[in-house]
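Working notes, structure below.
The values are calculated or read from the model by the stated rules, or taken from the named source; none is laboratory data. All values derive from a computational prediction rather than experimental measurement. We place every Cβ from the backbone using ideal geometry, glycine too, and count neighbours over all the protein chains shown.
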Amino acid sequence: MALCLLHILIPLKIQAQQDTLILKNQDRIIGQVKSMINGVLTIEPDYSDQDFKVTWLDVLSLRSSQLYLITTRTGNRINGSLRTRDTDSATVTIKNLSEEMTLPFKEIVFLKAIEDSFISRLDASLSIGFNFTKSNNLKQLTMRSIVSYTGKNWSMNSSFNTISSQQDGISNTRRTDANIGASYLLKDDWYISVNADFLSNTEQQLDLRVATRAVAGSYLIHSNRIYFLWASGLAWNNERFDDDLDTKRNSLEGVLGLQLDAFDIGDLNIFTSLFAYPSITQSDRLRYDFKIDLKYDLPLDFFIKIGYTQNFDSQPIADASKNDYVLQTTFGWEL
C-alpha cells in the first residue's frame with residue numbers, strides 16, 4: 001500500500017514543480033512560480049524552501065503548466081497557463097480551456113497563481129521607529145503597517161500609521177491615520193473603488209475625521225516599472241474636533257486623485273499620491289492629502305522606509321492650523 005502511494009505522490013510532486021525559468025545570464029531555475037507583482041517574479045526552487053525573487057525584465061524564458069491570473073498592460077485579465085515560444089523568447093503563449101493567444105512578454109504586468117492559498121495572496125508589512133532623548137525626557141514612537149489581499153478581479157487594502165511624542169513640560173503630541181478599502185477591476189484598465197479614511201491629530205485639533213469615498217478611474221500607465229492612475233468621485237466627510245465647543249461638521253465633497261507607484265529602481269520603491277477634496281456643501285473649502293514613501297529593500301524581506309504625509313484644510317476650526325505634516329523613518333519587515 002505504501003509503495004502504491006509513493007508511485008502516486010512522487011509524480012504529483014514532480015508535476016507541481018514543472019516551472020522552468022531561464023534568465024538573460026543563462027541561469028536556470030526549476031521550481032514553482034508563485035507570482036509576478038510590481039515587476040518582481042517570485043519562484044520557489046525545488047531545492048530550497050526559500051523563495052527567489054527575480055526582476056521580470058531579466059527573464060529570458062518561462063515555461064509553466066500552472067493556472068494563473070494574468071493582467072496585461074492594456075488591462076485585460078486572463079486565466080490560463082503560459083510559456084515563452086521556443087522560436088521567440090520575447091513572445092509568450094497563454095492557454096486556457098477555450099482558446100490560445102500570444103502576446104509580447106513585456107506586456108504582462110501581473111501574474112498570480114490561482115491555486116495560491118489565502119496566505120500567499122496576502123501582502124503585509126510592519127515598520128517601527130523609536131527615539132529617546134535624555135534632555136526633557138523626550139520619547140517618540142512611530143509605526144506604519146499595510147495589509148492587502150488580491151483576488152481574481154478585486155483587491156482589498158488597509159493601512160495604519162501612528163506617531164506619538166511625549167516630552168516633559170509640553171503637551172503630548174499624537175497623529176494617527178488609517179485606511180480600509182476595496183477595488184474592483186474592470187475592462188481596459190478601469191476600476192471602481194470604495195474607501196474609508198480615518199485621521200486624528202493634535203495639530204489641527206482633530207479628534208476624528210472619517211471620510212468615506214467612492215471613485216472610478218483608470219490606469220494612465222500600467223507597466224512592469226510604473227503604475228500611474230487617476231480617480232474621480234464623491235466623498236462624505238464626518239468630523240469631530242477637540243476644542244472647547246466639541247465642534248462637529250459634516251460635508252459632501254468631490255474627489256480628484258492621482259497615484260504613482262514606481263518599483264523598478266533597483267532596490268528602491270517610490271509611492272506617491274495626491275487626493276483633493278473640494279467641498280460641495282461648504283463654500284470655498286478645499287482639503288487635500290499628499291503622501292510620498294521611499295522604501296529601500298534589504299535582504300530577508302527587511303526594508304527601510306522614509307515617508308512624508310501632509311494634510312491641508314483651507315477652513316480649519318478657530319485656532320487650529322491649516323497644515324499638518326509628518327516625516328517618518330522606520331525599519332520593518334514584509335510578508
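Quick look at the values:
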quantity	calculated
In region 293-322, the residues that are closer than 28 Å to D242 by Cα and in contact with a Phe, Trp or Tyr (Cβ under 8 Å, 6 or more places away or on another chain)	Y308, T309, Q310, N311, F312, I317, A320, K322
Residue within region 164-171 that is surrounded by 15 or more Cβ atoms within 10 Å (Cβ to Cβ), at pLDDT 90 or above, assigned by TED's automatic domain parsing to the domain that holds K295 and among the small types (G, A, S) present	no
Residue count for region 247-263, restricted to those that are farther than 16 Å from A235 by Cβ, touching a residue at least 24 places away in the same chain (Cβ under 8 Å) and of a type outside the set (A, V, I, L, M)	3
Close pairs from region 10-36: first more than 13 Å from F52 (Cα to Cα) and modelled with pLDDT under 80, partner exposed (fewer than 11 other Cβ atoms within 10 Å of the Cβ) and hydroxyl-bearing (S, T, Y), Cβ under 8 Å, at least 6 apart	none
Residue that is more than 16 Å from the chain's Cα centre (by Cα), farther than 22 Å from A196 by Cα and assigned by TED's automatic domain parsing to the domain that holds R249, where the choices are D284, D301	D284
All positions within region 306-335 that are surrounded by 15 or more Cβ atoms within 10 Å (Cβ to Cβ), modelled with pLDDT under 90 and hydrophobic (A, V, I, L, M, F, W, C)	I317, A320, V326
Matching residues in region 113-132 - criterion: being in contact with a Lys or Arg (Cβ under 8 Å, 6 or more places away or on another chain) and modelled with pLDDT under 80	A113, I114, D116, S120, R121, N131, F132
Residues being under 20 Å from L141 (Cα atoms) and touching a residue at least 24 places away in the same chain (Cβ under 8 Å) - total across region 165-203	18
Of all residues making up region 191-207, the number that are part of a strand (DSSP E or B) and either closer than 18 Å to G181 by Cα or in contact with a Pro (Cβ under 9 Å, 6 or more places away or on another chain) (or both)	10
